[in-house]
């Protein structure tokens, strides 16, 4: 996976084990951090803070994702983390 981010900070949101998995997969990426969604499903940032959000595709997060997006912002929703097995 190649993430080209010239400036700014890419913040990905995840829950539980997803967060640990994504952090491991992207540990060498610059300008990138991953934050946990609170246990009540809230996102700990103010309204209209992000221009883009990367988050798990979980219906219970949709309202919070829309709350933290600026008008015209984009949400990239992941259905899971997949890895192609290496040949043996």
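The values are calculated or read from the model by the stated rules, or taken from the named source; none is laboratory data. Owing to the predicted nature of the structure, the values given are computational and were not obtained by experimental measurement. Every residue, glycine as well, gets a Cβ built from its backbone with ideal geometry; the counts of neighbours run over all protein chains shown.
Candidates in segment 1-14 are the residues that are closer than 16 Å to residue 76 by Cα and in a loop (DSSP other than H, G, I, E, B); of these, the one that is modelled with the highest pLDDT is 9. In segment 21-44, the residues that are free of Cβ contacts under 8 Å to residues at least 40 places away in the same chain and at positive phi form Cβ pairs under 8 Å with partners that are in a strand (DSSP E or B) and surrounded by 12 or more Cβ atoms within 10 Å (Cβ to Cβ), at six or more places apart or across chains, as follows: 31/10.
Only one of the listed residues (30, 17, 64, 21) is surrounded by 13 or more Cβ atoms within 10 Å (Cβ to Cβ), at pLDDT below 80 and not in a strand (DSSP E or B). That residue is 21. Among the residues of this structure, residue 42 does not count as one that is surrounded by 10 or more Cβ atoms within 10 Å (Cβ to Cβ), over 12 Å from the mean Cα position of the chain (by Cα), modelled with pLDDT of 75 or more and part of a strand (DSSP E or B). Residues of segment 51-61 that are in a helix (DSSP H, G or I) and in contact with a strand residue (DSSP E or B) (Cβ under 9 Å, 6 or more places away or on another chain): 61 alone. Being loosely packed, with under 13 Cβ neighbours inside 10 Å and either farther than 16 Å from residue 51 by Cβ or under 15 Å from the mean Cα position of the chain (by Cα) (or both) is the filter here, so list the residues in segment 67-84 that pass it. Selection gives 74, 76, 79, 80, 82, 83, 84.
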